[in-house]
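Note sheet for the following structure.
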Amino acid sequence: MVKLEELIANEENRVLCLGNEAIARGAIEAGVQVFAAYPGTPSSEISAALIAAAPKLGFYAEWSTNEKVAMETAFAASISGVRAMTACKHVGLNVAADAFYSFMYMGCKGGFVTVVGDDPHCFSSQNEQDSRWFGVSANFPIIEPSNPQEAKEYLKIAFDLSEKFEIPMLLRSTTRISHARADIEFNRYETNYREGEFEKSNRFKCLPALARANHPKLLEKMEKIKEWLPDSGLSTIEGPDNINEFGIITSGISYAYVKDALLMLNRDIPILKLGIVSPLDETTILDFAKDKENIIFIEEVDPYLEDRISALLIQNNVTPKIHGKSSGITKRYHELNSRLVAEALTKVIGEEIVSIDEIKQAIEETKEFIPFRPPLFCAGCQHRAAFWELSKVVRKNEGIFASDIGCYSLDPWVTDTLLCMGGGISMANGFARVIKDKPIFAYIGDSTFFHTGLPALVNAVYHKANINVLVLDNRMTAMTGFQPNPTEEIDIAEVAKSLGVEYVVEFDPYNFELGKRVFEDALKHEGPSVIIMRKICANEWWRRMRRKGEKIDVYQVDPETCIACGTCLVQYQCPAIHWSIDTNSKDKNYSVIDPSVCTGCSVCSQICPTGAITKVED
């Protein structure tokens with residue numbers, strides 16, 4: 001992570017930073033005055049950087065309770081005449097979509113930019129949604145950078161365009177841009193922040209009659225942007241102008257893959273790189289394609305450019321042969337890379353990649369040296385303790401278990417469904433209507449409880465659903481980088497009681513025996529119950545203790561007492577524990593606890609059947 005003093009230094013400089021941090025710097029250079037967001041990988045570092053910078057520079061930034069709240073907060077600032085911004089991941093944009101569509105009809109005054117982080121290959125997401133389609137369905141201008149430096153500059157352009165055309169803008173990033181590190185050129189900036197001023201107008205009321213009048217105005221704005229695009233410099237053509245056999249149309253990170261692939265192939269082919277993908281720069285596209293025999297589309301994830309530009313070419317009687325996802329040279333799922341793009345190009349241009357077999361061989365040869373690391377709970381994670389306790393009271397085939405999005409989605413023992421933020425409680429409501437012979441559990445994190453869990457819990461109380469809601473409260477939004485959330489200020493137990501939940505219990509998940517009793521009692525209760533398992537994230541607690549220099553209790557295994565049953569290592573799966581070999585008896589395995597990883601949660605000592613695990617006294 002870039003240092004805060006480097007991020008906010010008001011001077012010409014070059015700084016090594018993440019793509020997301022470059023975007024944050026772009027917002028600072030653009031003069032953003034209000035920023036609001038909910039954390040979501042791969043966009044979280046934008047928010048972390050701006051929230052850290054805000055007190056130093058004098059603008060406002062917040063972690064909001066969800067993406068819809070964040071977008072509405074920022075938009076209100078924008079229509080008050082100041083520059084405002086929000087950031088989210090692709091599925092977070094769905095949460096904000098209710099407001100998102102209507103904002104387009106209203107337009108804005110101060111520049112308003114939404115940064116969305118798409119996640120091809122589902123590195124940290126439940127789907128590969130391509131957010132570019134919002135540009136079609138919502139008439140939303142989308143600007144798409146191809147590298148971190150461009151992301152910073154494009155964000156400033158997005159603010160300028162938003163104010164020029166009085167229209168909200170979207171900047172689309174992807175995981176490879178957001179999490180790439182690059183040497184970024186920083187520029188000086190002004191901090192002439194001012195008070196907002198809201199002028200009352202029917203323009204900002206989404207009543208049917210007003211919406212009908214605003215829709216044609218939105219379409220006119222998009223047409224004006226389309227007319228402006230050819231001279232904007234955002235559509236660039238490079239490569240030889242005397243080759244008509246092939247042409248490549250691309251945008252975003254796919255452009256970088258194309259450049260690498262052409263180097264691998266030692267070929268020079270004309271490229272049209274689109275900086276804005278909604279609306280399309282039709283003039284430049286038609287001029288580029290009119291004399292080409294073959295047009296190759298390289299993009300991820302969907303054939304967004306391919307479908308729309310193919311239709312445009314047909315409408316204008318421009319008829320090159322089209323190659324892309326429809327012809328199968330690239331797939332409609334997962335992310336691309338330079339090798340995949342090179343292979344795709346060879347299918348069209350008819351050449352072989354000399355080095356490709358060597359690359360494949362090198363990959364195969366190194367596989368055996370790369371350890372398999374499936375995602376799992378961290379050492380001492382209270383969620384592991386919670387699910388272990390639950391699995392001992394209710395076996396997987398004895399209950400229905402609906403999960404949510406968060407660290408707890410790593411549960412290896414009982415989870416049946418995993419959908420989206422807040423989906424666990426809602427789906428438990430549905431299960432309760434049709435399944436009467438099994439207990440039904442929903443689990444949700446503390447941050448997600450406030451994000452979208454509350455409406456689902458209200459529904460469960462109102463309809464008297466016989467479900468058990470587990471709130472896994474680790475005091476922060478841990479999976480996306482330990483961001484704060486309302487749990488520190490608002491008591492979840494009191495909220496649940498105020499909604500009418502009669503059975504509300506809160507306990508420490510490290511207390512294994514108490515946990516089992518609570519689950520057993522909850523199963524006897526008719527109607528919704530809320531069980532809050534509260535313990536600060538073990539990783540964050542460990543870091544705080546280390547920073548303070550305070551003693552951390554760790555545990556050890558007595559090799560003489562250990563019977564190598566695997567309860568702590570194979571079943572409980574704590575990563576602080578591994579197998580060792582007794583040096584005196586080569587065939588006797590026993591568990592060993594790594595003191596540099598152990599957080600002292602004590603659960604392993606509670607579940608050990610022989611009492612072989614004890615606290616280190618010295």
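Every number in this text was worked out from the coordinates using simple rules, so none of it is lab data. For clarity, every value in this text was computed on a predicted model and none was experimentally measured. Every residue, glycine as well, gets a Cβ built from its backbone with ideal geometry; the counts of neighbours run over all protein chains shown.
Which percent, nearest 5, of DSSP beta bridges in the stretch 242-313 are antiparallel?
Percent antiparallel among DSSP bridges in the stretch 242-313 is about 0.
If packing is taken as the average number of other Cβ atoms within 10 Å across a peptide's residues, how do 560-569, 204-213, 94-103, 65-74 rank, most packed first?
Per-residue Cβ counts within 10 Å, averaged per peptide and sorted highest first, yield 65-74, 94-103, 560-569, 204-213.
Once you sort the root eigenvalues of the Cα gyration tensor of the stretch 293-357 as a ≥ b ≥ c, which label holds: rounded (a/c under 1.5), prolate (a/b larger than b/c) or oblate (the other case)?
It is oblate, given that a/c is not under 1.5 and a/b is not larger than b/c.
Mean 1/r over all different Cα pairs, inverted: what Kirkwood radius does the stretch 1-114 give, in Å?
Result for the stretch 1-114 stands at 14.1 Å.
Just tell me which lysines come within less than 21 Å, Cα to Cα, of residue 524; anything on the same chain fewer than 8 places away is out.
Qualifying lysines at Cα under 21 Å: 392, 396, 436, 438, 464, 497, 516.
Just to check, using Stokes-Einstein with a Kirkwood Rh over alpha carbon pairs, what's the diffusion coefficient of the stretch 4-230 at 25 °C and 0.890 mPa s in µm²/s?
Using the Kirkwood radius from Cα pairs, D works out to 141 µm²/s.
Sorting 223, 153, 306, 11 on the 10 Å Cβ count, fewest up front, what's the list?
Taking fewest neighbouring Cβ atoms as first place, the list is 11, 223, 153, 306.
Can you give the calculated 222 nm mean residue ellipticity of the chain, where each DSSP H run of n ≥ 4 adds -39,500 (n - 2.57) and the sum is split over every residue, rounded to the nearest 500 deg cm²/dmol?
After summing the helix terms and dividing by the residues of the chain, the value is -11500 deg cm²/dmol.
How many angstrom lie between the C-alpha centres of the stretch 450-483 and the stretch 227-290?
For the stretch 450-483 versus the stretch 227-290, the Cα centre distance is 47 Å.
Do you know the relative contact order of the chain, to the nearest whole percent, from alpha carbon pairs under 8 angstrom that are 6+ apart?
In percent, rounded to a whole number, it is 10.
Highest first, please rank the peptides 493-504, 34-45, 601-612 by the mean number of other Cβ atoms sitting within 10 Å of their residues.
Those peptides, ordered most packed to least, come out 34-45, 601-612, 493-504.
Rounded to two decimal places and with Rh computed the Kirkwood way over Cα pairs, what is Rg over Rh for the stretch 235-367?
0.98
If you wrap a convex hull around the Cα atoms of the stretch 531-581, how much volume per residue is inside, in Å³?
So the per-residue hull volume is 134 Å³.
When a/c is below 1.5 the answer is rounded, else prolate if a/b is larger than b/c, else oblate, so apply that to the stretch 499-542 with a ≥ b ≥ c taken from the square roots of the Cα gyration tensor eigenvalues.
Oblate is the answer for the stretch 499-542, as a/c is 1.5 or above yet b/c matches or exceeds a/b.
Rounded, prolate or oblate: pick one for the stretch 114-169, where a ≥ b ≥ c are the square roots of the eigenvalues of its C-alpha gyration tensor, a/c under 1.5 means rounded, and failing that, prolate if a/b is larger than b/c, else oblate.
Judged from the Cα gyration tensor, the stretch 114-169 comes out oblate (a/c at least 1.5, b/c at or above a/b).
Viscosity 1.567 mPa s, temperature 4 °C: what is the translational diffusion coefficient of the stretch 349-478 from Stokes-Einstein with a Kirkwood Rh over Cα pairs, rounded to a whole number of µm²/s?
Using the Kirkwood radius from Cα pairs, D works out to 76 µm²/s.
By average Cβ neighbour count within 10 Å, what is the ranking of 281-294, 161-174 from highest down?
Averaged packing, sorted descending, gives the order 161-174, 281-294.
Output needed: percent of Cα pairs per 10 Å distance bin for the chain, bins running from 0 to the one holding the longest distance.
Pairs per bin, as whole percents: 3, 14, 21, 22, 20, 13, 5, 1, 0.
Could you work out the percent of alpha carbon pairs in the stretch 190-301 separated by over 17 Å, rounded to a whole number?
Cα-Cα pairs of the stretch 190-301 separated by over 17 Å account for 66 percent.
Of all beta bridges DSSP finds with both residues in the stretch 235-367, what is the antiparallel percent, to the nearest 5?
DSSP beta bridges in the stretch 235-367 are roughly 25 percent antiparallel.
Of 470, 229, how do they rank once you tally other Cβ atoms within 10 Å and put the fewest first?
Fewest-to-most ranking of 470, 229: 229, 470.
For the chain, what is the percent of antiparallel DSSP beta bridges, rounded to the nearest 5?
Around 30 percent antiparallel, to the nearest 5.
Could you tell me the distance between the Cα centroids of the stretch 137-161 and the stretch 594-618, to the nearest Å?
Here the answer is 52 Å between Cα centres.
Could you check the simple spin-label distance between residue 417 and residue 594, using points 7 Å along Cα→Cβ, in nm with one decimal?
Spacing of the two 7 Å Cα→Cβ label points: 3.8 nm.
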